[in-house]
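Novice: Dumping the structure here so I can ask a few things about it.
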């Protein structure tokens, strides 16, 4: 069966969501980020850092779009080579629109309270990134690294991104003062936690399901997630009845649909779930296009 290169419904939705995410990120940059003189980390933070250095030390006003496109050239190459072509093309659209809108929109101060700026700016930033990720795109920079690590290592790597951004912000602290750098870390932490909450695709859940109908349960898991399962023979200590523990690992965004289907079709199943921090071995991951 031939795969469509362009699906009108799916790709129109992606373009619409990416445009909205780019607008949200640009508005955030021109309001909360600029008002608090923050550096949000990643490619956007590095772009703002270069703009600030050029302006303060050399009196040169550099356009946001030019800098962010140059900074993202290497991450874009990584995206094309290791992640997916359409994913990278839509990410490039997000990068360009964010830069273009950031240059176009005027700066507007909502509040002068730097702590409020850091918290709510971070939440908006995380929301914009999550919207991109939900339609298989990214805002560029360290997000490419996070996606690459998640797909290759099967770990939720957004805390790694937080660590990288902390290094960038530490550098900014030496140049412009530690108060703005520390507030920027709060901004980035709020952004990272927002992504954790809204985007769960690379997070995993381990299922332990005690049942007398293991084949039925494993079929449900496979139909919903394309993942297999392992059977472990068991015996209850109260009535000493024989049963089977069905063990499987699924993506967190698939977890609810799996549990609902099991409870609907095998109502007496006992289900225990555990957050999975990392995973090694063969695990089906839908390829990013």
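The values are calculated or read from the model by the stated rules, or taken from the named source; none is laboratory data. Since the structure is predicted, the reported quantities are computational estimates derived from the model, not experimental observations. Cβ atoms come from the backbone with ideal geometry, glycine included; neighbour counts cover every protein chain shown.
Novice: Can you pull out every residue in segment 207-228 that is closer than 15 Å to residue 270 by Cβ and either in a strand (DSSP E or B) or in contact with a strand residue (DSSP E or B) (Cβ under 9 Å, 6 or more places away or on another chain) (or both)?
Specialist: Selection gives 207, 208, 209, 210, 211, 212, 213, 214, 217.
Novice: Let me ask something else. Here is a check on your reading of the model: is residue 233 at pLDDT 90 or above and farther than 16 Å from residue 130 by Cβ?
Specialist: Yes: the conditions hold for residue 233.
Novice: What's the number of the only condition in (1) more than 30 Å from residue 11 (Cα to Cα); (2) part of a helix (DSSP H, G or I); (3) modelled with pLDDT under 90 that residue 262 fails to meet?
Specialist: Going through the list (1) more than 30 Å from residue 11 (Cα to Cα); (2) part of a helix (DSSP H, G or I); (3) modelled with pLDDT under 90, residue 262 breaks only (3).
Novice: Oh, and also: Just one of the numbered conditions (1) modelled with pLDDT of 85 or more; (2) out of contact with any strand residue (DSSP E or B) (no Cβ under 9 Å at 6 or more places or on another chain); (3) over 15 Å from residue 120 (Cβ atoms) is not true of residue 180; which one?
Specialist: (1)
Novice: Among residues belonging to segment 172-188 that are farther than 20 Å from residue 112 by Cα and in contact (Cβ under 8 Å) with a residue 12 or more places away in the chain, point out the one that is farthest from the chain's Cα centre (by Cα).
Specialist: Out of the qualifying residues, it is 175.
Novice: Take the conditions in contact with a helix residue (DSSP H, G or I) (Cβ under 6 Å, 6 or more places away or on another chain) and under 26 Å from residue 182 (Cβ atoms) and apply them to residue 54. Does it pass?
Specialist: So residue 54 does not fit the description; no.
Novice: Which of the residues belonging to segment 15-44 are assigned to a helix (DSSP H, G or I), buried (at least 21 other Cβ atoms within 10 Å of the Cβ) and in contact with a helix residue (DSSP H, G or I) (Cβ under 6 Å, 6 or more places away or on another chain)?
Specialist: Answer for segment 15-44, where residues must be assigned to a helix (DSSP H, G or I), buried (at least 21 other Cβ atoms within 10 Å of the Cβ) and in contact with a helix residue (DSSP H, G or I) (Cβ under 6 Å, 6 or more places away or on another chain): 18, 21, 22, 25, 26, 28, 29, 32, 33, 42, 43.
Novice: Sort out which residues of segment 232-258 are under 33 Å from the mean Cα position of the chain (by Cα) and free of Cβ contacts under 8 Å to residues at least 24 places away in the same chain, and write them in order of number. Even if it seems obvious, please write down each step before you answer.
Specialist: Taking segment 232-258 as the starting set, the residues that turn out to be under 33 Å from the mean Cα position of the chain (by Cα) are 245-258.
Hit for segment 232-258 is 256, nothing else.
Novice: Here's something else I'd like to know. Quick check: is even one residue across segment 75-87 buried (at least 19 other Cβ atoms within 10 Å of the Cβ) and under 26 Å from residue 177 (Cα atoms)?
Specialist: Within segment 75-87 (the criterion being buried (at least 19 other Cβ atoms within 10 Å of the Cβ) and under 26 Å from residue 177 (Cα atoms)), the answer is no, since none of the residues qualifies.
Novice: Residues of segment 234-260 being out of contact with any strand residue (DSSP E or B) (no Cβ under 6 Å at 6 or more places or on another chain), at negative phi and surrounded by fewer than 16 Cβ atoms within 10 Å (Cβ to Cβ), which ones?
Specialist: Correct list: 236, 237, 238, 239, 241, 253, 256, 257, 260.
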